[in-house]
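K.L.:
This structure is in structure tokens; I'll ask about it shortly.
The values are calculated or read from the model by the stated rules, or taken from the named source; none is laboratory data. Every value quoted in this text rests on a predicted model; they were computed, and no experiment measured them. Every residue, glycine as well, gets a Cβ built from its backbone with ideal geometry; the counts of neighbours run over all protein chains shown.
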Amino acid sequence: MNPSSTDVQPSVQNNTSSTTTALGTGPGTGATPAFSPLYQQIKNLILRSLEEGEWKPGDVIPSEQDLAARFKVSQGTVRKAIDELASDNLVVRRQGKGTYVATHAERHIQYRFLRLQSDAGEDDPAQRAIIECKRQRASADVARLLALRSGDPVIFVRRVLSMQGAPTILEDIWLPGLPFKGLSLEALSSDRGPMYAFFEREFGVRMVRADEKIKAVAATEDLAHLLVTPIGHPLLSVERTSYTYNDVPMELRRGLYRTDTHHYKNELN
């Protein structure tokens, strides 16, 4: 079977080839549209297994050869599907060891969503202080962004991140109540690793992508006090919605960034 991107599944209903057998026996049967490239269908089947927890963050996934046998496709088709998953930061290839489900516990992924960097170019890990963690009802705008109903339970977290010893980022975070049931101020404060790695380990929730809105605002009296900056000082407002597999929203985060000694860096490809 030709593993190239022109390898197309013509029709799930009418095709009697081994490709049809693969789509009929793998996870997520029927979820892939007809006429999509075969490697894309295999990618979606692997994504379904990740979503359903068959392989958890940090786990090694089956080899390309085993996946090819499982889905009854060529090894080259599986390789192209995994290449895309690696480009999406969903899996990590390790030479001589295999392919692993990506985790926010890995250093090169820990700060993938934190784009604030020191103007001096120094490695500047953030120190955090959890100010608040409580259960509340979702307002209309929070519910809309988290695909909930107004009044549904959410967990609200407020924290301050300090860089080079100075308060630099104030973040308000909303999480859907059901997936994060049991999250507490004590648990968040006692864990010193990346927050997203904590969510993976304790709640089985992995953030895989995010959308952001950025604008400039002026510090109000309350914000100026928390960020130790003058009232009216310019701040960068960053609103982020983070998603787990299958584009399910799992976090709304509204951050206010001081940029007098730091800048927001983004890479455009």
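K.L.:
Within region 137-158, track down each residue that is out of contact with any helix residue (DSSP H, G or I) (no Cβ under 8 Å at 6 or more places or on another chain) and either at pLDDT below 95 or basic (K, R) (or both).
P.N.:
Taking region 137-158 as the starting set, the residues that turn out to be out of contact with any helix residue (DSSP H, G or I) (no Cβ under 8 Å at 6 or more places or on another chain) are 137-147, 153, 155-156, 158.
Answer for region 137-158, where residues must be out of contact with any helix residue (DSSP H, G or I) (no Cβ under 8 Å at 6 or more places or on another chain) and either at pLDDT below 95 or basic (K, R) (or both): R137, R144, R158.
K.L.:
Another question, if that's okay. Exactly one condition in (1) buried (at least 19 other Cβ atoms within 10 Å of the Cβ); (2) touching a residue at least 40 places away in the same chain (Cβ under 8 Å) is false for A219; which is it?
P.N.:
With (1) buried (at least 19 other Cβ atoms within 10 Å of the Cβ); (2) touching a residue at least 40 places away in the same chain (Cβ under 8 Å) applied to A219, the lone miss is (2).
Each row is one residue, and each column tells you yes or no for (1) under 18 Å from I131 (Cβ atoms); (2) under 16 Å from the mean Cα position of the chain (by Cα); (3) acidic (D, E).
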residue	(1), (2), (3)
A187	yes, no, no
M195	yes, yes, no
F203	no, yes, no
D211	no, yes, yes
I214	no, no, no
T229	yes, no, no
L236	no, no, no
T244	no, yes, no
T261	no, no, no
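K.L.:
Kindly list the number of the only condition in (1) of a type in the set (G, A, S); (2) surrounded by 15 or more Cβ atoms within 10 Å (Cβ to Cβ); (3) at pLDDT 50 or above; (4) in a helix (DSSP H, G or I) that fails for A22.
P.N.:
Unmet for A22, out of (1) of a type in the set (G, A, S); (2) surrounded by 15 or more Cβ atoms within 10 Å (Cβ to Cβ); (3) at pLDDT 50 or above; (4) in a helix (DSSP H, G or I): (3).
K.L.:
Just checking, which of I169, I173 is modelled with pLDDT of 95 or more, crowded, with 19+ Cβ neighbours inside 10 Å and part of a strand (DSSP E or B)? Steps first, please.
P.N.:
Values: I169 fails: modelled with pLDDT of 95 or more.
Exactly one residue qualifies, and that residue is I173.
K.L.:
Only helices (runs of 4 or more DSSP H) wholly contained in region 176-229 count here; list those with 3 or more residues that are closer than 24 Å to L148 by Cα.
P.N.:
Details: elements: 185-190, 195-203, 221-227.
So the answer is 195-203.
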